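Okay, so here's the structure we're looking at.
Values quoted throughout were computed directly from the atomic coordinates according to the rules given, and no laboratory measurement underlies them. All values reported here derive from a predicted model rather than from experimental measurement. Here Cβ is always computed from backbone atoms with ideal geometry, including for glycine, and neighbour counts include all displayed protein chains.
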Amino acid sequence: MSSTELRRTALDELHRSLGATMTDFAGWDMPLRYGSERDEHNAVRTRAGLFDLSHMGEITVTGPQAAALLDHALVGNIGSIKPGRARYTMICREDGGILDDLIVYRLGEAEAPEYLVVANASNAQAVLDALVERSAGFDAEVRDDRDAYALLAVQGPESAGILKGLSPKLSASLDQGGAPITDLEGLKYYSGLPGTVAGVPALIARTGYTGEDGFELFVKPEHAVGLWQALTEAGAGAGLVPCGLSCRDTLRLEAGMPLYGNELSTSLTPFDAGFGRVVKFEKEGDFVGRAALAEAAARTEQNPPRVLVGLVAEGRRVPRAGYAVVAGGEVIGEVTSGAPSPTLGKPIAMAYVDAAHAAPGTAGVTVDIRGSQEPYEVVALPFYKRQK
Amino acid sequence: MSNPQQLRYSKEHEWLSAAEDGVSTIGITEHAANALGDVVFVQLPEVGDSVTAGETCGELESTKSVSDLYCPVSGEVTEINEDVVNDPSLVNSAPFEGGWLFKVRITDEPADLLTAAEYDAHIAG
């Protein structure tokens, strides 16, 4: 437990009244689990789960050159995001190292562009500082909105049905064909629109970190408790349960989604991490890290780096971050995340391994689990993909 | 949660039953099970192993962590709970009953084992 005061979300009292086990996560006192994390995980896979994600870091970018600033500051092509859509992207240092992975929501209409950048809690200050620094010379404003939002997520196959029970209304926005999007059916995966839900203003986004269909609801902190309670009531019949960060981690791991600090760090470029596809060299203008990233792209093309793979245990011992991956007596990689997978019923891990051992089905791969070599099967990511 | 009166406890959160014919049953407390979260793997000593009070004799893996299992007394392992090896969730669902871990023929026990009331105070502090 940290000696410094932990930050508490607007839902803190509610979590305690539900008997949550709390944990220090990036300086926030967050629910780790309410009961069994395996039950919470399975609820999200089969029904629905309700998360407090208010620790995530929101930064708003506005102004005539908001898109130009973000194209300069981030590695993705932000100017190409249509109103109402969201994009997974990264922010890198000048040397190409990953500062954070982000979701950017394009809000506002064409004449008044506005972007919501959502950073990891642990990196929010660094991302904010970098955006402010990189905004010099742009006609754009970078605003720290971390305290302006609480963030609730409803995830799982029942989530759309549950949300519909709270009369969600979306502000009219144009879809690709020109028709206004006014209901959840029109809100595609990786979209987000302002509107109201349960009578309170919200940015309603069809995004998540679980591998399931689901929604993330950005609301004012004073509306968080009311919305949580409304969702709990609306979801009771569908089997919605409150979910903590523990199952969020196993859900994203099964879905093969990277976690900053585990799979991503400043010591890796997106190309070394296997996420080179998020870097868009063809976009307009220069961007921070371009030269280093171009070099990394060429280097990794010539000389394949370690590859992020999935590992599935044959036994029952669980690999943890930092454990060595071994083949033929040599260390050939390192585990970045590992957990017992509720869906597969076996321990799983993500690991960076030498390219020669990265092919699915590669034989003779073990993980050194506290001195014992446990056999693992190399598989392609993700471990789990939902049926659409 | 209530810690059964008839058991004794270690500060490392193991419980120990009153000896029958010199043999005591050992498990971990509900407090420890709750702190671990869902237990997914249990490694126990083998029947016939000598165990020493205060030393590690196995491990418990949960979703988020792995924890050493300490032996609260010294002696010889006479039986292990195969049910809990096959279904580690018993540690969470019935820590004082079906989730027991192993039995030991006691040769020596430390002087600082706790009563239920003392253990209650230990985990409250």
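Remarks
- Within a Gaussian network of chain A (alpha carbon springs, distance under 10 Å), most fluctuating of A:Ala202, A:Ala255, A:Ala298: A:Ala298
- Rg to Rh quotient for the stretch A:183-257, alpha carbon positions, Kirkwood Rh: 0.97
- Candidates B:Val104, B:Val66, B:Val84, ranked by Gaussian network fluctuation over chain B, Cα under 10 Å, top entry: B:Val66
- Estimated FRET transfer efficiency (A:Gln125, A:Asp39; beta-carbon r; R0 51 Å; 0.05): 0.90
- Virtual paramagnetic centre 7 Å along Cα→Cβ of B:Ser2, amide N under 15 Å, in the stretch B:26-61: B:30
- Only helices enter this figure: runs of n ≥ 4 DSSP H residues, each worth -39500 (n - 2.57), summed and divided by the residues of the protein assembly as shown, yield -5500 deg cm²/dmol at 222 nm to the nearest 500.
- Expressed as a whole percent, the proportion of Cα-Cα pairs in chain B lying more than 26 Å apart is 11%.
- Cα-based shape type of the stretch A:271-352, given that a ≥ b ≥ c are square roots of the gyration tensor eigenvalues and the cut on a/c is 1.5: prolate
- Residue-span extension gain [A:Tyr190 to A:Thr266] - 0.36 nm each, minus C-alpha spacing: 24.8 nm
- Above-threshold pairs, the threshold being 24 Å between Cα atoms, out of A:Lys346/B:Lys11; A:Lys283/A:Lys385; B:Lys11/B:Lys64; A:Lys220/B:Lys64; A:Lys82/A:Lys385; A:Lys220/A:Lys283: A:Lys346/B:Lys11; A:Lys283/A:Lys385; A:Lys220/B:Lys64; A:Lys82/A:Lys385; A:Lys220/A:Lys283
- B:Ala94 versus B:Asn34: modelled label distance in nm, points set 7 Å from Cα along the beta carbon direction: 2.0
- For A:Met56, A:Met30, order by how many other beta-carbon atoms lie within 10 Å, fewest first: A:Met56, A:Met30
- Structural descriptor for chain A: relative contact order 17 percent, calculated from alpha carbon pairs under 8 angstrom and at least 6 residues apart.
- Each of A:Ser36, A:Ser171, A:Ser54 was scored by other Cβ atoms within 10 Å of its Cβ. Listed from fewest to most, they are A:Ser171, A:Ser36, A:Ser54.
- With all pairs of separate Cα atoms included, the stretch A:14-62 yields a Kirkwood hydrodynamic radius of 12.4 Å.
- The residues neighbouring A:Thr266, those whose beta-carbon lies less than 10 Å from its own, together hold a net charge of -1 under the Lys/Arg +1, Asp/Glu -1 convention.
- Largest-first ellipsoid semi-axes for the stretch B:2-43, taking √(5λ) over the Cα gyration tensor eigenvalues, angstrom: 21, 13, 8
- The alpha carbon convex hull volume per residue for the protein assembly as shown rounds to 161 Å³.
- Couplings for the stretch A:133-144, taken from phi via the Karplus curve 6.51 cos²θ - 1.76 cosθ + 1.60 with θ = phi - 60°, read 4, 6, 7, 4, x, 9, 7, 8, 10, 9, 10, 6 Hz in order; Gly and Pro are left as x.
- Whole-Hz couplings from phi, Karplus 6.51/-1.76/1.60, listed for the stretch A:220-225; x for Gly and Pro: 5, x, 5, 9, 5, 5
- Amide H to amide H distances under 5 Å link B:Thr107 with B:Ser74, B:Gly75, B:Glu76, where only residues 5 or more positions off or on other chains count and H is placed in the peptide plane.
- Computed from the Kirkwood radius of its Cα pairs, the Stokes-Einstein diffusion coefficient for the stretch A:1-156 at 25 °C and 0.890 mPa s stands at 144 µm²/s.
- Under the simplified labelling scheme, the A:Asp144-A:Ala238 pair shows an inter-label distance of 3.7 nm, with each label point 7 Å from Cα along Cα→Cβ.
- Mean separation of Cα contacts under 8 Å, 6 or more apart, over the residue count of chain B: relative contact order %: 31
- Globularity index of the stretch A:177-313, i.e. its alpha-carbon radius of gyration over 2.2 N^0.38 Å: 1.39
- Rounded to the nearest 5, the antiparallel percentage of DSSP beta bridges internal to the protein assembly as shown is 95%.
- By definition, a body whose alpha carbon gyration tensor gives a ≥ b ≥ c is oblate when a/c is 1.5 or more and a/b is not larger than b/c, and the stretch A:306-388 fits this oblate description.
- Label-to-label distance for A:Thr21 and A:Arg277 is 3.6 nm, based on points extended 7 Å past Cα in the beta-carbon direction.
- The ranking of B:Trp15, A:Trp28, A:Trp228 from fewest to most other beta carbons within 10 Å of each one's beta carbon is A:Trp28, A:Trp228, B:Trp15.
- From phi via Karplus (6.51, -1.76, 1.60), per-residue ³J(HN,Hα) for the stretch B:62-77 in Hz, x at Gly/Pro: 10, 3, 9, 7, 10, 10, 6, 9, 9, 8, x, 9, 9, x, 10, 6
- Separation between Cα centres of the stretch B:1-47 and the stretch A:14-35, rounded to whole Å: 26
- Given charges at beta-carbon only (K, R positive; D, E negative), |dipole| of the stretch B:8-110 in Debye: 280
- Given their separation in residues at 0.36 nm each and the Cα-Cα distance between them, A:Ser167 and A:Asn303 gain 43.6 nm when the chain is fully extended.
- Amide N of the stretch B:9-34 lying under 12 Å from the label point, which is placed 7 angstrom from the Cα of B:Glu79 along Cα→Cβ: B:20-21, B:23-26
- Residue with peak Gaussian network fluctuation, chain A [Cα springs, cutoff 10 Å], from A:Ala198, A:Ala363, A:Ala313: A:Ala363
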